[in-house]
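Bear in mind these aren't lab numbers, they're just calculated from the coordinates by the rules spelled out. The model shown is predicted, which means the values in this text are computed figures rather than measured ones. Every residue, glycine as well, gets a Cβ built from its backbone with ideal geometry; the counts of neighbours run over all protein chains shown.
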Amino acid sequence: MIPAVLPTYNRAPMAFVKGEGSWLTTDDGARYLDLGAGIAVNALGHAHPALVQALTDQAAQLWHVSNLYRIPQQEALAQKLVDATFADTVFFTNSGTEAAELAIKMARKYWYERGTPRGEIIAFEGAFHGRSTGAIAAAGSEKMVKGFGPLMPGFRQLPFGDHDALRAAITTDTCAVIIEPVQGEGGIRVLPDACLKGLRDLCDETGTLLIFDEVQCGMGRTGRLFAHEWAGVTPDIMMVAKGIGGGFPLGAVLATESAAAGMVAGTHGSTYGGNPLGCAVGGAVMDIVGDDAFLAEVARKGALFRQGLEGLVATHPQVFEAVRGTGLMLGLKCRASNADVVKAGYAQHLLTVAAADNVLRLLPALNIPDADIAEALARLDRAASALEKVTGDAA
C-alpha cells in the first residue's frame, strides 16, 4: 500500500524533534551535527533567538491578509533587498521554484512589451532551478524530465563553461541566459569570476537578459550577500529563496526596473507570497546576514573549514578526491560512493547532503561556531576511516 506521505523521497531513518544552533535532536534523544542546514535553508541554524522572536511577535499580531492589500513587512523587506543589491524592485514567493517561474515569465514579457518577442532561454548542463514543469524544462536533465513530457518549449542547455558554444547559441530569439554562479545540486561547481564577467559582457553586447539563480548560493552562503558580487557584475533578474527565510518558506525575484517593466498589475500573483509572517522573519535574517562583519566571518569560517577538508582529502585519498566550493558552500568530490559517505556520516551522528558528480555537499549554518567545525571534521574523519575499514575487509 502507498504510504500517507507520497513516497517521492528516500528518507533517512531519523525523525528530528528539536534543533538548536548547528545541532538536531531525534525523537529518541540522539544529537546530530547538521552540515546540511535543510539544504542551505537554515542560514542561522536552528531556533535562532532573533528569528524566533520575529516570528512569535508577528504571529501574535497578523499572519495573512493576501496581496490585495499593502503589507508593511513586505515593503520593509523589499526595501532592505533593494538597498543592498542591484535591484530596483522585488516580488516575494514561497520557494525557489516559484521564483524560477516568475523569472522565466518576466524575461519573456520584457521582450513582448518591446514589440520584438523572444522566447528562448539558455541554461546549462548540471543546473537545478526547481521542480515545476518550467524549471525542469530549463535544466533539461534526464533525471528530472523523464516521464513528465511534453516539456515546456523554449529552453536550450549548453555545456557548463563552454564560452564558444554560448556565443554561438545566442540568436535574435534568445531572451535570456539563466545560470547559477555556484551550482549546488550539480556538484558544488563554481563559475569562475572571469566567466561571469564574460557572460555579462556577452549579454550586454547582444541585448540578452541575464538571470542569476542564487537560491542556494545566495544570502551570505559564499561570504558575500550574493555570490555574483565576487565577480563585480550584476544580473538583470535574480532568483532568491532558501536562506532568505532562515527556515520559514520564503523566496523572491529581484530585478532592475527595466527588466521588470512588463510585469504590471494582473500579470503575476501569489496567494501566500510576501505574507506578514514570512517577511517579518526575512527582515530579521537580512538584518543579521546583510552585515559586513557577519559576512567576513562567513568567509573566515569557510576558509577554516576548507583547510580542514583539504587535510581529510590528503588523509583519506581512497574516500575523497578534492574539495570544491567557496565560503560555506563546500563540497567533497568523493572516490567512494557519496551515498555511502552520507550513510557513514549518519553512523557518526553527522548530517551531510549528496549532490551530482559524486559530491558530498557541506552547507552548515553560516554562524556555525569554530568548535563545531572542528567537531564536524573529526566526525568526517571517523566516517572515512570506517569506510576504509569496510573496503579493506571486503578486499
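Compute the angle between helix 96-113 and the longest alpha-carbon principal axis of the chain, please, reported from 0 to 90 degrees and rounded to the nearest 10.
20
Tell me, what does the Kirkwood hydrodynamic radius of the stretch 1-158 come to in angstroms if you use every pair of distinct C-alpha atoms?
19.8
To make sure I understand the rule: partners must be lysines, Cα under 21 Å from the Cα of Lys80, and not fewer than 8 residues away in the same chain. Which ones qualify?
Lys242
Treating the angle as unsigned and between 0 and 90°, give the value, to the nearest 10°, between the Cα long axis of helix 292-315 and the longest Cα principal axis of the chain.
With rounding to tens, the tilt is 50 degrees.
If packing is taken as the average count of other Cβ atoms within 10 Å, what order do 207-220, 142-155 fall into, highest mean first?
Averaged packing, sorted descending, gives the order 207-220, 142-155.
How far, in degrees from 0 to 90, does helix 276-289 lean away from the longest principal axis of the Cα atoms of the chain, to the nearest 10?
Tilt relative to the chain: about 70 degrees.
Each residue of the stretch 200-213 in order: what ³J(HN,Hα) in whole Hz does its phi give by Karplus 6.51 cos²θ - 1.76 cosθ + 1.60, θ = phi - 60°, with x for Gly and Pro?
With the stated coefficients, the stretch 200-213 comes to 4, 5, 5, 5, 5, 5, 9, x, 7, 6, 10, 10, 9, 9 Hz.
How would the stretch 125-215 be classified by its alpha-carbon gyration tensor: rounded, prolate or oblate, with rounded meaning a/c under 1.5 and the a/b versus b/c comparison settling the rest?
oblate
What are the aspartates and glutamates whose alpha-carbon lies under 13 Å from the alpha-carbon of Lys301, with same-chain residues fewer than 8 places away excluded?
Excluding near neighbours in sequence, the set is Asp370, Asp372.
Please give me the summed charge of the neighbours of Met286: other residues whose Cβ is under 11 Å from its Cβ, Lys and Arg +1, Asp and Glu -1.
-2
Give me, ordered by chain and number, the residues 5 or more places off Gly223 or on other chains with an amide H under 5 Å from its own placed amide H.
Amide H neighbours of Gly223, under 5 Å, 5+ apart: Leu328.
If packing is taken as the average count of other Cβ atoms within 10 Å, what order do 226-235, 243-252, 64-73 fall into, highest mean first?
Result, highest mean Cβ count within 10 Å first: 243-252, 226-235, 64-73.
How do Arg156, Arg118, Arg167 rank when sorted from fewest to most other Cβ atoms within 10 Å of their own Cβ?
So the residues, fewest neighbours to most, are Arg167, Arg156, Arg118.
Does the stretch 216-300 come out rounded, prolate or oblate, given a ≥ b ≥ c as the square roots of the eigenvalues of its C-alpha gyration tensor, rounded meaning a/c under 1.5 and, failing that, prolate meaning a/b above b/c?
It is oblate, given that a/c is not under 1.5 and a/b is not larger than b/c.
Got a sec to turn the phi values of the stretch 37-51 into Karplus ³J(HN,Hα) couplings, 6.51 cos²θ - 1.76 cosθ + 1.60 with θ = phi - 60°, whole Hz, x for Gly and Pro?
Whole-Hz 3J(HN,Hα) from phi for the stretch 37-51: 6, x, 6, 6, 8, 7, 4, 10, x, 9, 6, 4, x, 5, 6.
Is the stretch 74-233 best put as rounded, prolate or oblate by its Cα gyration tensor, with a ≥ b ≥ c the root eigenvalues, rounded for a/c under 1.5, and otherwise prolate when a/b is larger than b/c, oblate when not?
Note, shape of the stretch 74-233 comes out rounded.
Take peptides 255-261, 369-375 and line them up by average Cβ neighbours within 10 Å, highest first, as a rough protection proxy.
Per-residue mean Cβ counts within 10 Å order the peptides as 255-261, 369-375.
Below 8 Å, C-alpha to C-alpha, sequence gap of six or more: please give me the relative contact order for the chain in percent.
After rounding, I find 23 percent.
Using modelled backbone amide H atoms (1.01 Å from N, in-plane), which distant-in-sequence or interchain residues come within less than 5 Å of Gly246's amide H?
Ala43
Just to check I understand the Karplus step: with θ = phi - 60° and J = 6.51 cos²θ - 1.76 cosθ + 1.60, what whole-Hz values come out for the stretch 224-236, glycine and proline as x?
10, 4, 10, 4, 5, 5, 4, 8, x, 10, 10, x, 8
Size of the dipole of the chain about the Cα centre, Lys and Arg at +1 and Asp and Glu at -1 on the beta carbon, nothing else charged, in debye to 20?
Dipole of the chain, to the nearest 20 debye: 660 debye.
So for the stretch 208-303: antiparallel DSSP bridges make up what percent, rounded to the nearest 5?
Looking only at bridges with both residues in the stretch 208-303, the antiparallel portion is about 50 percent.
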